[in-house]
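Novice: Here you go, one structure.
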Amino acid sequence: MALPHPLPEASRVVTLDAAAPDPSRREPLGRQIYRALCDMILSGHLSPGTRLPSTRQLAREWGVSRNTVVNAFEQLTAEGYLEGRVGDGSYVSRELPEGLMGAELRVRQDQGERRLSRRGAALAATPVSLPKPVGSLFSFRPGLPALDAFPFDVWARLEARRWRRPPRELLGYGDPLGWRPLREALRTYLHAARGVRCEPEQIVITAGSQQGLDLVARVLLDPGDPVWVEDPGYLGARAALLAAGARPVPVPVDAQGLRVSDGAARCPDARLAMVTPSHQFPLGATLSVARRLELLEWARHAGAWILEDDYDSEYRYRGRAVAALQGLDSGGRVLYLGTFSKVLLPGLRLGYLVVPPDLVEAFERARALQDRHPPGVVQAVTADFLNEGHFERHLRRTRELYAERQAALLAACQRHLPDRLRISATDAGMHLVGYLEDDLAATERAARAGVAVTPLSAYSLETAGSGLLLGYTALTPEQIEAGVRRLAAALT
């Protein structure tokens, strides 16, 4: 840009040693020069009207080609940071807003004055999960599948086949509910394996179970609505409620699962009950048939909804799997939530939500507003994985593997922690609970020893038990033995 009038005599030429590029860095030299000068202008170290040294002089001082400096100056001029005219050098633009100078410092000073919306503040303050320890050699965190057992070769073959001949509907904007062949495959599987009664139109494909929880909270709850949550219970469910402004009402859990009578006594007019009936998280109880019927009757009488989170029901090692609560529901009060994160890979980000027929339209529109639709090819490959029998074979293999790894964990704890940890086998799930005193202190001591464990008390609102959640499915027997040995040394 040509200067509208000559610069005042007071305009000064400065030295730019601070902008000298560093050849040892991986960033291109011209990009380094551009960024350094841009930062100096925005921070106020180079004020408007300041005359810069010539590109020839800077190239000589910095030991770079002149073209490198010229290119950086041209970029700054094109973006309005510099101005000049032929034969008179380059100047910091005098048209930059005066309030922009020193912006970096003021941003730091003004951050305390920024305000989020009430919903934004709730989201920012809501923990979705426990923090992951850094640098742990052994992770007993629950809910992680055996990545070493995943059939990557099969998945790669299915995905390559899909990419060779992808249907057009997978490449454009898709159905917010999800790709219909996947929903059809899920309907067949859920009916046979879990006793879920639904049609493909009732299934919503989600980006994992957390998005399903968030959808339910958005569609069914208003700020201030009371919701039953299991105590102790899943942090992600509680987080979705708090983010929506709902009010979690803790309901105790015992050996038969959620104590429905306690919930009805404490808050009979709750809008929703969030439950894990097949394998309660984190204690592992199965909701008894009597309490299932009691819960359904409460929902019918109160006009409330039930969200059934069936997150790891596939892993039952003795006897037949317990049928889903949704299959007993004749009044359309149960929403059923599942995920592929525990049985396949968390990185797939695929889950599903089965909703009553009269809620389909509302959930379809809410799903479209979140991220339009799930990734198409990933859905297609998952449908192929289900339809061609790979899913059932993978489940059979991992059930056997996880039963062996649970036995390895029990044996290691009995060898190294016989008097320190009370732990016993379970018929289902992906973790065990080892009871001890002061689980928070034990977790900290384990972390210092390079072992990641999860305190049971972190999942409680009122009924604080003390123990450690020990996930075993992602570890080999050798890793389990070494990790428990190190845990024992930390706790003794």
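Novice: Using alpha carbons only, how many angstrom separate the centre of segment 332-360 from the centre of segment 26-45?
Specialist: 49
Novice: Within segment 16-36, what residues put their amide N at less than 20 Å from the label point 7 Å along the Cα-to-Cβ vector of Arg60?
Specialist: From segment 16-36, the list is 16-21.
Novice: Hey, another quick one. Can you tell me how segment 134-218 classifies by the Cα gyration tensor, rounded, prolate or oblate, using a/c under 1.5 as the rounded cut?
Specialist: Oblate, since a/c reaches 1.5 and b/c is not below a/b.
Novice: Could I ask something else about it? Is segment 177-298 rounded, prolate or oblate when judged by the Cα gyration tensor, a ≥ b ≥ c being the square roots of its eigenvalues, rounded requiring a/c under 1.5 and prolate requiring a/b larger than b/c?
Specialist: oblate
Novice: Tell me the label only: which of (i) 38, 24, 20; (ii) 55, 29, 26; (iii) 35, 28, 20 is semi-axes √(5λ) of the Cα gyration tensor in Å as calculated from this structure?
Specialist: So the structure-derived entry is (ii).
Novice: In Å³ and rounded to a whole number, note down the convex hull volume per residue for the Cα atoms of segment 166-388.
Specialist: About 114 Å³ per residue, rounded to a whole number.
Novice: Considering the dipole of the chain built from charges on the beta carbon (Lys and Arg +1, Asp and Glu -1) around the Cα centre, which of Leu96, Thr398, Thr426 is farthest to its positive end?
Specialist: My answer, from the dipole projection, is Thr398.
Novice: Using packing as a proxy for protection, rank 412-422, 245-255, 272-282 so that the peptide with the highest average count of other Cβ atoms within 10 Å comes first.
Specialist: On the way: 412-422: 15.8, 245-255: 18.6, 272-282: 26.2.
Highest to lowest by the protection proxy: 272-282, 245-255, 412-422.
Novice: Take the alpha-carbon centre of segment 229-259, take the same for segment 156-222, and report the distance between them in whole Å.
Specialist: About 26 Å separates the Cα centre of segment 229-259 from the one of segment 156-222.
Novice: Here's a follow-up. Under a point-charge model restricted to the Cβ atoms of Lys and Arg (+1) and Asp and Glu (-1), what is the dipole moment magnitude of segment 345-489 relative to its Cα centre, in debye to the nearest 20?
Specialist: Once rounded to the nearest 20, the dipole reads 440 debye.
Novice: How large is the helix-only mean residue ellipticity at 222 nm for the chain, computed as the sum of -39500 (n - 2.57) over DSSP H runs with n ≥ 4, divided by its residue count, in deg cm²/dmol to the nearest 500?
Specialist: When only DSSP H runs of four or more count, the value is -12500 deg cm²/dmol.
Novice: Next question. Provide the packing ranking of 397-407, 376-386, i.e. peptides ordered by the mean count of other C-beta atoms within 10 Å per residue, highest first.
Specialist: Output ranking for 397-407, 376-386: 376-386, 397-407.
Novice: Mind ordering 290-300, 19-29 by average Cβ neighbours within 10 Å, highest first?
Specialist: 290-300, 19-29
Novice: With each pseudo-label sitting 7 Å past Cα toward Cβ, what's the Ala122-Asp222 distance in nm, one decimal?
Specialist: According to this spin-label approximation, the distance is 1.3 nm.
Novice: Please give the contour-minus-distance gain from Ser424 to Glu364: 0.36 nm per residue of separation, less the Cα-Cα distance, rounded to one decimal in nm.
Specialist: Separation in residues times 0.36 nm, less the Cα-Cα distance, equals 17.3 nm.
Novice: What is the dipole size for the chain, taken about its Cα centre, with +1 at each Lys and Arg Cβ and -1 at each Asp and Glu Cβ, in debye to the nearest 20?
Specialist: With Lys and Arg at +1 and Asp and Glu at -1, about 820 debye.
FYI, it's all coordinate maths here, none of it is from the lab. Predicted model only: the values in this text are computed from it and were never measured. Cβ coordinates were reconstructed from backbone atoms using ideal geometry, including for glycine residues, and neighbour counts include every protein chain displayed.
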